[in-house]
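> Let me begin by handing over the structure; questions about it come next.
The values are calculated or read from the model by the stated rules, or taken from the named source; none is laboratory data. Keep in mind that what you see is a predicted model, and the values were worked out from it rather than measured. Here Cβ is always computed from backbone atoms with ideal geometry, including for glycine, and neighbour counts include all displayed protein chains.
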Amino acid sequence: MTKCPDPLGAEDRQGGGDPVQDAAIRDHPTTRRARMRRDILVIGWMLGGYVGATTVGLMLGGIGGRSLRQAAIRLGLMAGYAVISGLLGVLLIGPPMGVVSGYSLSLAGIGTCIDPRVEPGAILGVELGDAIVHRVVGGRVTPAVLRDVAYISYLLDTKAPDGPWFELAVIHHTDCGSTFLADPVLRAGFAARGFDEAELAALPATDPPATVRTDVNILVAAPQISPNIRIGGYVYNTAEGTLDTIVTPTPAGTRT
């Protein structure tokens, strides 16, 4: 299996590239970029203030000893220099740091467990507005999850057929509390509180690689979901802090 830090990587958010990359998740640059963007903005404002102050100083210096025309020329030259420097900075620094191709360019989809140890913001580095998130016990694909994904697919088909389309990452995890529902006595006791025991029996992620593959197959085989949506399956190792790729992103309508 391949360790994948972010099934919804920046390159994939632009509609191209393979989102599966080898590395640990927590300290991978893809995850750090979200935090780094804030630092870059602060540095940018500082440099902008410096350039602005320098420009004003040059302009005033020109007024003091020379003509207004000379001051205007200096101001124009400094403004041009600032614009060119900024563009070069974007071209040289932007791609390796992911400043331009960040998370906000398009939505992604995540389906995972309600367990607080697999909170998408913490393990994937996604921020507000980055992803459509479904969280259910075990991260399982229930009829409600299928309905919601189908609805999103329908909206894109009818309201935005040109996209942006996205990958839906189904993520199960090790040491999952849903496995307690594999115990018939515990499950029957919980069902007695007003729940369907057959539905509860389908929730335990007792073998995450197998269950995530099952759930991906449910989604890719669903005729209600557009083939423009790709569905991948992953297992998050809570002890190691890594994400293993089980099913590479597959267009809906294709069985794995």
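> So how many residues does segment 170-206 have that are basic (Lys, Arg), surrounded by fewer than 16 Cβ atoms within 10 Å (Cβ to Cβ) and touching a helix residue (DSSP H, G or I) at 6+ places or on another chain (Cβ under 7 Å)?
Result for segment 170-206: 0.
> Considering segment 105-142 alone, what residues qualify as being buried (at least 20 other Cβ atoms within 10 Å of the Cβ) and hydrophobic (A, V, I, L, M, F, W, C)?
Answer for segment 105-142, where residues must be buried (at least 20 other Cβ atoms within 10 Å of the Cβ) and hydrophobic (A, V, I, L, M, F, W, C): ALA108, ILE110, CYS113, VAL118, ILE123, LEU124, VAL126, ALA131, VAL141.
> Now, a different point. Of everything in segment 209-234, what is within 21 Å of the chain's Cα centre (by Cα), in a helix (DSSP H, G or I) and not β-branched (Val, Ile, Thr)? Give them in sequence order.
Hits for segment 209-234 are ARG213, ASP215, LEU219.
> Identify the residue in segment 92-103 that is surrounded by 14 or more Cβ atoms within 10 Å (Cβ to Cβ) and modelled with pLDDT under 50 and, among all such residues, is farthest from TYR236 (Cα to Cα). Explain how you work it out, then say what you get.
Step one: filter segment 92-103 for residues surrounded by 14 or more Cβ atoms within 10 Å (Cβ to Cβ), giving 94, 97-99, 101-103.
Then keep just the ones that are modelled with pLDDT under 50; that gives 97-99, 101-103.
Working: MET97: 25, GLY98: 24, VAL99: 27, SER101: 25, GLY102: 23, TYR103: 21 Å.
The extreme case among them is VAL99.
> Please tell me if VAL220 is free of Cβ contacts under 8 Å to residues at least 40 places away in the same chain, of a type in the set (Val, Ile, Thr) and buried (at least 18 other Cβ atoms within 10 Å of the Cβ).
Judged against the criteria, VAL220 is a match.
> Which of (1) out of contact with any strand residue (DSSP E or B) (no Cβ under 6 Å at 6 or more places or on another chain); (2) at pLDDT below 95; (3) of a type outside the set (Lys, Arg) is the odd one out, the single condition ALA182 does not satisfy?
Status for ALA182: all satisfied but (2).
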